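To start, the structure under review is shown below, and the notes come after it.
The values are calculated or read from the model by the stated rules, or taken from the named source; none is laboratory data. Keep in mind it's a predicted model, so treat the numbers as computed, not measured. All Cβ positions, even for glycine, are placed from backbone atoms using ideal geometry, and neighbour counts span all protein chains on display. Ligands, DNA and RNA are stripped out before the accessible areas are found, and what is left, the full protein with its side chains, is counted by its heavy atoms. Shrake-Rupley method; radii C 1.70, N 1.55, O 1.52, S 1.80 Å.
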Amino acid sequence: MAHDVFISHSSKDKPVADAICTNLEIAGIRCWIAPRDIAPGEDWPTAITNAIAQSRIMVLIFSASSNSSEDVSRELFLASNNKLIIIPFKIEDIEPEPGKQYYLARTHWLDAMYPPTQEQITMLVQRVKSILSAINPDFPKQVEPVRELQPPAVRPAPNQKSRRILLYVMAGVLVVLGIFASFVYAGRLNRPQATSTPTQIPITPSSTPTQIPTMPSSTPTQIPTMPSSYVIPVQKCAPNCTYKDMVVGFIQTGPEGAWRTANNASFDEAATQLGITMKTYDAQGMSANQISAFGTFTQDPTVNVIILAADGVNGFDDVLKAAQAAGKIVILEDRSINSDASLYYTRIGSDFVHEGQEGAAAMCTLLQNMKGKNVVEISGSGVSAGIDRDTGFRQKMTDCGITITASQNGNWATADSKAVTEAWLKDPTLKNFQGVFAVNDEEALGAIQAIQEAGLTPGKDVQVIGFDATKDGFAALINGTLGADIECNPLLGTQVFAAALKGLNGDATMPSFTPSQEGEFFAAQGAAALNAILPTRKY
Ligand code: GYE
């Protein structure tokens, strides 16, 4: 039976492991746990090895007894070999022994206690759910409420005192709802400008995270213009927070091309200049890791701002809600995600749909004197930059009758894109194309290499366009192998930190999206003109 989660634990922690298993399964997550899932007479080591190989996530119940368990060490070894995401659920405050440290050093601990509280188990279920929905968008959305660990207690009739408290609480809730309704209806898409100090709906740090309505987003990576109801978490230093008060958790994508290097560097430089404390996390290209990192930064009491450069589009709702409930200001830099704008403070980045449209217009210009208008696309699937450039290009390509005859993911990388293009050039059914639409410069350079090695001339036999306008992109424009390069600005550090400071100070006037101002460059501008511009390029 396929399952999602392998629960690793010491037999001494069976009650906690069983409770967690029950609650995960209530939430629709299929678990494998010993001894329940070992068939009578089945060989344990084989059963465990197969179970781990078929899982996506390992939840490790970490305690003194599991720390000293050889079986748990072997399970960790197998989990790492099978590239499972490991979530250590710490129910005792002890450090892992060296052998286990090896596997747990880069994971994100979920601190709990013995026995764990409902809230801690809720956090674990949400974390697992978010990771699974990131891995597989079809994964069920709603998290079922976690059932209490002990059998339901018979509730005693409330006495005078508790009845009075009950009344106060209900009154309080009504007041909050009232303010909320006024907030939504008074400033539906525009944050109220009424008062100089922004309207704050008090987020009382209660046991369960504040429920925030989510507006279903229609199309994928819908770029919202103005949020409907983002509640800005109130900071102690507000309204006079300074950069010195800012502690940032920066969740980065992981290594990509020159654009990403420049983007990360712009944050490092700005943080140093402004005296901001910044903790960065490199997600190695996996949004599942990013969702896990969110949990860590959300639990980190020192962090008050979380910045995300998304490696995916789905699965962020729950961690955004948790971060907001924990009082963190969340800002999206660069890419958008499929979460409603009411779940984050703002996004700063490019309008990728617009870039895609610019790309199509450039390709139309370049194909004017070509014998055909067949274009192959080297995409950047799974993230908004690739998805939206593709959307924008396809919206405009019909203006001049372009047909996309093949499309494949190039992983933002030169080598992958070269291989993809080589395959198309060798395929008699696909080789008849006059243009290459590559969603970044690294991919465009890969296509150019393949075209040249096939004995064709890029810029003459085949027109290639790229995105980013990096120095390497410029060099290709200057030598004429690249026909056009649509600029995408990576230098966002200073702007994002300025927005974060506004967020810390409760500034409700910040638009939910601030698109970067960008242009495009053509080989037709000529080497002289382009060479004059090149020294001014910072990336
Ligand atoms: O175009 C590409 C990078 O998200 C805009 O990601 C960014 C893209 C950029 O890998 O080079």
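Miscellaneous remarks
- Of all lysines in the structure, the ones whose alpha carbon falls short of 24 Å from that of Lys502, not counting any fewer than 8 places away in one chain, are Lys236, Lys244, Lys279, Lys321, Lys328.
- Only protein atoms count toward the accessible area here, which uses a 1.4 Å probe; on the stretch 5-135, the carbon and sulfur part of that area reaches 54 percent.
- Put the Cα centre of the stretch 487-504 next to the Cα centre of the stretch 391-424 and the gap is 31 Å.
- Relative contact order of the stretch 5-135, defined on C-alpha pairs under 8 angstrom at six or more residues apart (%): 26 percent
- Annotation: peptides 516-523, 354-361, ranked by per-residue average of other Cβ atoms within 10 Å with the highest first, follow the order 354-361, 516-523.
- In the stretch 309-350, inverting the average of 1/r over every pair of distinct C-alpha atoms gives 10.4 Å as the Kirkwood radius.
- What a 1.4 Å probe finds exposed on the stretch 321-373 is 45% carbon and sulfur by accessible area, rounded to a whole percent.
- In order along the stretch 37-43, the phi-based Karplus estimate (6.51 cos²θ - 1.76 cosθ + 1.60, θ = phi - 60°) of 3J(HN,Hα) comes to 9, 9, 5, x, x, 6, 6 Hz; Gly and Pro are listed as x.
- Debye log10 I(q)/I(0) at q = 0.17 Å⁻¹ for the stretch 5-135, Cα point scatterers: -0.85
- Per residue solvent-accessible surface (Å²) - the stretch 5-135, probe of 1.4 Å: 44 Å²
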